[in-house]
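Peer 1: Before I ask anything, here is the structure I am working with.
The values are calculated or read from the model by the stated rules, or taken from the named source; none is laboratory data. Just so we're clear, the structure is a prediction, and the values are computed from it rather than from any experiment. Cβ placement follows ideal geometry from the backbone for every residue including glycine, while neighbour counts extend to all protein chains displayed. Heavy atoms of the whole protein, side chains included, go into the accessibility calculation; ligands, DNA and RNA do not. Shrake-Rupley method; radii C 1.70, N 1.55, O 1.52, S 1.80 Å.
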Amino acid sequence: MIRLRVLTASTGACTHISLHPNEFTYSTIQSRLVAVLPVNDQIILIGPPYKVPKDSLLRNNETISALRLGDEEDELIQNGRHSLEPAERTGSKRIFLFSKRALANNAPEPPDCVLDPAPGPLPMPTQSDIPPPPPSPSDVVETPLRNALELYVRQLMLDVAKGRVYADGADLRLAACRKCLSEMVAIAHALRAAVSNLSDHRAGAVRQRTQFSSDFVDAASFYMGLLQKFELRAGEGYVDETNTFSVENESLGSVPLHPSLVAAARSSGRMMETLLDTVPLDREKAWANKCQTAHERLTASAEDLEAAFGTAVGTSSGWNEEAQEDLAAEEIIKMLISEVEDADNRIRFSQSEKNDILASNQSEATRIMSTAVRNESKEGRAESAFSSLEEMAKSSSSILMTMESDDNILSQLSQRVADAKSAAMKRMKSRLRHISVAQSEIARVTSSVSVLQHALLQLKTDIGHLEHVVELPSSYQSFLTEIQRRRAYCNAYKSIFDATLERLNVMRADEIKLREAFLRGPGKHLMPAFYEIFVPTLATSPAVFSPQLPDMLEFQTLPNVGSQSTQYNSSSTESGSTLMSSQVREMESNVDTKDQSVLVSADENSGNYDVMMQTMSQGDVAPRRKDDKAERATLKYENAVLRQKLEQAGVKVPYIDSHTTTTIHPDENDSMDQRHKEQHRKISSLEAELERVQKELEAARVASAQKEAANLGPNSDLETTQQRSDKISHTSFEVGDIGLFMPTGRGRGGKRIYLAFHSSCPHRYLSPDCIDGSPDFVLGRIVYQEEFVAGALNTTRNPFGLHVGTKFWVLTVEVVKKG
């Protein structure tokens with residue numbers, strides 16, 4: 001069985017309950033306390049920490065041990081220590097019972113404490129309360145001397161009875177004081193529990209309010225900025241007070257739609273020329289006004305919450321004053337405990353000793369009387385007996401006077417203890433009422449915070465719709481890039497299909513010619529068994545492979561947005577990059593030419609198509625043109641993918657003018673090959689001239705740097721070199737330059753191939769030893785580069801699938817950043 005003590009908070013009374021371990025639950029404890037308070041009027045706290053107990057906590061062995069330790073500490077005296085030690089320090093726990101009705105504003109005042117015995121004089125015995133002496137034996141003669149001596153003895157017997165009253169009264173008064181002080185200690189502990197529970201509520205409310213305030217401040221700043229941007233976006237024209245073009249200060253009316261999109265809108269019977277025309281403006285403005293009103297209301301409610309929170313939680317000075325008052329009340333209890341201990345050590349033992357002396361005197365008086373009566377005939381015996389009894393009577397009277405004085409001290413002490421408990425109960429009622437009101441206000445404020453948090457989340461959801469309008473310019477730019485990429489994909493897909501099908505047809509035609517040559521030559525001498533038994537298909541033609549490409553409806557629905565040089569170009573965040581320059585525009589304008597040295601491509605890994613082209617004869621110009629077209633379409637698609645990745649990474653990428661691009665149509669005559677050769681010869685010549693000029697320029701730059709170093713000192717030269725070397729190179733690659741390497745596919749072994757982003761400087765590949773894993777990009781400083789010539793396909797001498805004889809470089813870098 002588990003025996004526990006439950007302390008009533010309002011009176012300090014202790015209720016003992018015994019429970020089987022399986023019955024040790026919250027509901028069972030409530031049912032056992034029905035005799036004290038009804039179940040619906042009970043509030044039970046256990047602690048520290050003081051909370052409504054759960055069954056899992058009650059059945060914990062550590063909790064049971066801590067409760068037993070608290071019962072031991074509630075003994076008033078333990079080796080000179082009082083029982084008001086902090087429970088958090090000793091690890092003890094207690095169970096407190098609070099009354100809901102006692103917390104009401106109209107709850108009755110607690111009755112005054114009255115101790116038993118009550119303070120004041122004790123009821124004393126009289127002569128009539130003294131039993132008569134036993135009858136004298138028949139041989140004893142009643143004499144005047146005997147009667148006179150019996151009067152002294154009876155008086156001493158009365159004194160002994162009074163002494164016993166004083167001694168027993170001391171025990172009773174001290175016991176009552178101990179019980180009363182024990183109840184006061186329980187009240188003090190219960191008040192600590194209530195204050196601790198209030199502090200937990202207050203701390204929780206403070207945390208919730210602080211979190212809400214932080215979220216509200218951040219959200220309010222974001223919402224105000226979003227609403228202001230929405231007003232700017234919803235304008236008809238371009239507004240810029242700083243004369244600086246920026247995506248932050250432009251209206252949707254200033255962003256024109258691509259002509260193909262305008263034409264698509266007109267074909268559907270709608271007029272759309274700017275981004276503003278795509279927005280249901282009236283509905284969005286009405287929604288913005290609604291969000292603005294909701295934000296203003298939420299701001300006002302947040303201000304009201306701050307005021308209500310200050311009232312509910314109070315100030316630290318008020319908490320300190322209440323804590324000081326509680327400590328002062330506990331000091332009174334400690335002082336009374338010390339006084340009771342002192343009285344127990346000094347007066348109770350003194351009263352008991354004095355009572356023993358009175359009893360001894362009475363016994364001695366009885367002996368003296370018996371001796372005097374027996375020796376009555378002897379001269380001088382009577383006078384001696386009377387003298388001794390008189391002295392004893394005076395001594396007993398003196399002892400009784402001191403015992404009465406000590407009893408008065410105990411009476412006054414018990415009165416102070418009773419008054420202190422009465423004051424403690426009244427103060428407990430007031431403090432519990434104050435705590436109850438504070439907890440109710442905190443609960444209301446906490447509920448308000450929860451409501452405002454829900455309103456803040458709802459406002460975040462509502463105002464998030466306006467973010468679509470604010471982010472529409474950048475989303476529109478991403479839309480154009482996505483359409484270009486999809487169109488490039490469709491073109492590449494169809495080109496590869498056509499090239500593959502054409503190559504298979506050419507191979508079949510060649511196979512037919514070879515078979516016909518065999519059948520007309522050596523085959524005509526074979527016996528019928530070779531055609532009928534050994535190889536029945538020896539005289540048949542190759543199977544016809546004619547797959548049908550599904551109609552790509554998606555391509556027909558994609559508008560031809562082309563380039564965006566004359567359209568709106570969002571100024572994306574540049575992230576400190578200088579990887580694009582004017583050479584990129586010139587380089588991309590020639591993306592349709594066959595010369596690979598002027599392609600800004602994410603993948604020069606074109607060896608997959610070279611396998612087919614190697615089997616073609618030099619005269620098969622049309623199939624070769626289809627292979628070239630497929631390769632160009634693939635590179636354009638990969639280039640579109642690379643462009644999209646760079647824009648998503650926040651890099652500003654210039655666009656190509658559609659009228660500057662050169663397109664090679666597959667249906668042109670064979671003279672195109674001659675022009676290709678001539679163009680290639682001119683480009684080679686220009687490259688040689690460019691290389692010579694670059695060397696001269698580099699020599700001039702070195703001379704200039706040396707001159708500056710002589711004039712400005714080594715520090716300036718070091719800073720200039722450092723600044724120049726921090727830029728991303730794309731027109732040339734030397735040791736010390738920084739290059740941006742992007743994935744272009746997978747090579748031998750399934751490992752990703754990384755190509756340097758370049759302008760007219762192709763075939764710079766990243767060494768596989770420089771990276772681990774498969775990052776989306778690698779930014780690195782070149783520490784070593786080695787030149788190679790591509791060998792046969794699918795060999796270690798051509799790891800990147802290039803044309804046989806193509807020069808390529810493998811760059812070893814010091815990785816600066818990868819993502």
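Peer 1: Binned at 10 Å from 0, what are the whole-percent values of the Cα-Cα distance distribution for the range 317-406, short to long?
Peer 2: Histogram of Cα-Cα distances, whole percents per bin: 14, 24, 18, 14, 11, 8, 6, 3, 1.
Peer 1: Another one. Please list the non-local residues whose amide H lies under 5 Å from the amide H of SER759, H modeled 1.01 Å from N, same-chain partners needing a gap of 5 or more.
Peer 2: THR731
Peer 1: Report the Cα centroid-to-centroid distance between the range 729-757 and the range 255-295 in angstrom, as an integer.
Peer 2: 42
Peer 1: Please list 3J(HN,Hα) in residue order for the range 524-532, calculated via the Karplus relation 6.51 cos²θ - 1.76 cosθ + 1.60 where θ = phi - 60°; whole Hz, with x for glycine and proline.
Peer 2: 6, 8, 6, 6, x, 4, 5, 8, 9
Peer 1: Taking H as built 1.01 Å from N, whose amide H comes closer than 5 Å to the amide H of VAL813, not counting residues under 5 places away?
Peer 2: HN-HN under 5 Å from VAL813: SER767, VAL783.
Peer 1: With θ set to phi - 60°, apply the Karplus curve 6.51 cos²θ - 1.76 cosθ + 1.60 along the range 540-547 and write out the HN-Hα couplings as whole Hz, x wherever there is a Gly or Pro.
Peer 2: 8, 8, x, 5, 8, 10, 9, x
Peer 1: Quick one: which residues, 5 or more positions from SER251 or on another chain, have an amide H under 5 Å from its amide H? H modelled 1.01 Å from N in the peptide plane, none for Pro or chain starts.
Peer 2: Distant-sequence amide H within range of SER251: VAL239.
Peer 1: Restricting to DSSP loop positions (anything but H, G, I, E, B) with no more than 13 other Cβ atoms inside 10 Å of their own Cβ, which trypsin sites (Lys or Arg not before Pro) remain in the range 295-379? Present the calculation step by step, with values, prior to reporting the outcome.
Peer 2: Details: sites: ARG297, LYS334, ARG346, ARG348, LYS354, ARG367, ARG374, LYS378; in loops: LYS378.
Of the trypsin sites (Lys or Arg not before Pro), the ones in loops of the range 295-379 whose Cβ has at most 13 other Cβ atoms within 10 Å are LYS378.
Peer 1: On to the next question. Output wanted: per-residue J couplings in Hz (rounded whole) for the range 497-513, from phi through Karplus 6.51 cos²θ - 1.76 cosθ + 1.60, θ = phi - 60°, x for Gly and Pro.
Peer 2: Karplus values, whole Hz, x for Gly and Pro: 4, 4, 5, 5, 5, 5, 5, 5, 5, 4, 4, 5, 4, 4, 5, 4, 4.
Peer 1: Same structure again: Starting from one equal scatterer on each C-alpha and no solvent at all, send me the Debye-based log10 I(q)/I(0) for the range 737-790 at q = 0.20 Å⁻¹, two decimals.
Peer 2: -0.74
Peer 1: Find the accessible area per residue for the range 103-233; the probe is 1.4 Å, ligands and nucleic acids are left out, and the unit is Å².
Peer 2: Counting only protein heavy atoms, the per-residue value for the range 103-233 is 51 Å².
Peer 1: Taking every pair of alpha-carbon atoms in the range 258-304, give the share separated by more than 14 Å as a whole percent.
Peer 2: Summing the P(r) of the range 258-304 above 14 Å gives 64 percent of all pairs.
Peer 1: At a 1.4 Å probe radius, carbon and sulfur cover how many percent of the accessible area of the range 402-498?
Peer 2: Its accessible area is 55 percent carbon and sulfur atoms.
Peer 1: Quick one: work out Rg over Rh on the C-alpha atoms of the range 351-483, Rh as Kirkwood radius.
Peer 2: 1.88
Peer 1: I'd like to check one number: the per residue accessible area of the range 298-372, probe 1.4 Å, reported in Å² as a whole number.
Peer 2: 52
Peer 1: I would also like to ask the following. May I ask you to give the solvent-accessible area per residue for the range 445-561, in square angstrom, as obtained with a 1.4 angstrom probe?
Peer 2: Accessible area per residue, the range 445-561: 62 Å².
Peer 1: So between GLU322 and VAL783, what do we pick up on full extension, going 0.36 nm a residue minus the alpha carbon distance?
Peer 2: Using 0.36 nm per residue and subtracting the Cα-Cα distance, I get 158.6 nm.
Peer 1: Computing the accessible area with a 1.4 Å probe over protein heavy atoms, can you report the carbon and sulfur percentage for the range 247-394?
Peer 2: The computed percentage sits at 52.
Peer 1: Take the alpha-carbon centre of the range 187-203, take the same for the range 508-530, and report the distance between them in whole Å.
Peer 2: The two parts, judged by their Cα centres, are 107 Å apart.
Peer 1: Then there is this: What ratio of Cα Rg to 2.2 N^0.38 Å holds for the range 442-557?
Peer 2: 2.55
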